[in-house]
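So the structure is just underneath, and the comments pick up after that.
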Amino acid sequence: MNRTQLGTALRWAEEEGWNPGRHDGDIFHPIDVRGHFMASLDGQPAATISGLRYGTSYGFVGLYIVRPDLRGRGLGMAVWKAALEHLRGCIVGLDGVVEQQHNYRRSGFDLAWHNRRYQAVGRSPQPRDPRIVKLTAIPFEALAVYDRAFHPEPRPVFLQAWIQQRYGMALGWWQDGRLKGYGVVRACANGHKIGPLCADTPAIAEALLDALLGCVVLREPVYLDIPEPNREAISLAERQGMVAGFPTARMYRGPAPRIDLPRQYALTALEIG
């Protein structure tokens, strides 16, 4: 898919209720310009998928959608095979609906953990701890190094775009010349999403969460996809009065990469890992 065709996939994702970000297409496409696939039937878009390579050893599958009126004809399997072929030689991850786990297992994927989507709301801005700063105000290399604990491969080009997107805010906890946590909130088709949210301590995570929620219009919905193995993150969501939503399954084909889940309070985006 070119950038315009990826826009079609994201529109379908919105119709499916996945609630993509307003600028996801501009940010997702450059991650791997050869990793977005579309099947056509009679000259019309029929199915989509992304199989994005990060470096040489890791890939992620997302935006796997077949047009509703064309399901059951094998078009989904066609794009699925194209994406996995593009990711040959990589450990491959995905965040899928729980009901499809058995189908992903047939392609060699194993369950690593479950995520749970939680809903909060925007709130009135409160005075911030002075250690909370805009990420664009600190050395980018500090962010790139910190992020390596939460993603199997470096992703500097993506991070540069992610923290500077319009209608978003990226904040970090900067203390003694070191980054000790960061989070990003972005505008979506419905409300906002926070992701990632990473922090060295629960207190830092909660302070960043409060600050990010204060960047959103009062009472507007805000969503987070929290990895369930991080019990501190679940406790934080419940303490904040968030509403639990649908679960997803993080699965990998190949050995599960090492990710610092105890410090990861919200995933980046289900479409890209």
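The values are calculated or read from the model by the stated rules, or taken from the named source; none is laboratory data. Computed from a predicted structure; not experimentally measured. All Cβ positions, even for glycine, are placed from backbone atoms using ideal geometry, and neighbour counts span all protein chains on display. Side chains included, ligands, DNA and RNA excluded: accessible areas come from the protein's heavy atoms. Shrake-Rupley method; radii C 1.70, N 1.55, O 1.52, S 1.80 Å.
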Restricting attention to segment 102-119, the residues that are surrounded by 16 or more Cβ atoms within 10 Å (Cβ to Cβ) and more than 17 Å from the chain's Cα centre (by Cα) number exactly 2
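Residue by residue, here is whether (1) under 16 Å from the mean Cα position of the chain (by Cα); (2) farther than 27 Å from GLU15 by Cα; (3) open to solvent by less than 40 Å² (accessible area, probe 1.4 Å) holds:
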| position | (1), (2), (3) |
| --- | --- |
| MET77 | no, no, no |
| ALA83 | no, no, yes |
| VAL92 | yes, no, yes |
| GLN100 | no, no, no |
| SER124 | no, yes, no |
| LYS134 | no, yes, no |
If we take segment 95-201, then helices (runs of 4 or more DSSP H) inside it with 2 or more residues that are in the same structural domain as THR56 (by the TED database) are 101-106
Residue check for ALA189: in contact with a helix residue (DSSP H, G or I) (Cβ under 9 Å, 6 or more places away or on another chain), hydrophobic (A, V, I, L, M, F, W, C) and touching a residue at least 60 places away in the same chain (Cβ under 8 Å): yes
Out of the residues in segment 56-69 that are touching a Gly at 6+ places or on another chain (Cβ under 9 Å) and closer than 18 Å to ALA13 by Cα, state the one that is surrounded by the most Cβ atoms within 10 Å (Cβ to Cβ). PHE60
In segment 1-42, residue least open to solvent (accessible area, probe 1.4 Å) [restricted to those that are free of Cβ contacts under 8 Å to residues at least 24 places away in the same chain and among the hydroxyl-bearing types (Ser, Thr, Tyr)]: SER40
Tally up the residues in segment 136-162 that are touching a strand residue (DSSP E or B) at 6+ places or on another chain (Cβ under 9 Å), closer than 28 Å to ALA256 by Cβ and open to solvent by 20 Å² or more (accessible area, probe 1.4 Å), please. 7
In segment 43-55, which residue that is out of contact with any Leu (no Cβ under 9 Å at 6 or more places or on another chain) and surrounded by 15 or more Cβ atoms within 10 Å (Cβ to Cβ) is farthest from GLN165 (Cα to Cα)? PRO45
Can you find a residue in segment 258-266 that is among the hydrophobic types (A, V, I, L, M, F, W, C), within 23 Å of GLY62 (Cα to Cα), touching a residue at least 40 places away in the same chain (Cβ under 8 Å) and open to solvent by 60 Å² or more (accessible area, probe 1.4 Å)? no
ARG253 is checked against (1) of a type outside the set (Asp, Glu); (2) more than 17 Å from VAL121 (Cα to Cα); (3) open to solvent by less than 40 Å² (accessible area, probe 1.4 Å) and fails just one. What number does that condition carry? (3)
Please go through (1) of a type in the set (D, E, K, R); (2) on the phi > 0 side of the Ramachandran plot; (3) touching a Phe, Trp or Tyr at 6+ places or on another chain (Cβ under 7 Å) for ASP176 and return the number of the only condition it doesn't satisfy. (3)
Scanning for something of a type in the set (Ser, Thr, Tyr) and in contact with a Cys (Cβ under 7 Å, 6 or more places away or on another chain), does segment 153-171 turn up at least one residue? no
Within segment 229-236, is even one residue in contact with a Cys (Cβ under 9 Å, 6 or more places away or on another chain) and crowded, with 22+ Cβ neighbours inside 10 Å? no
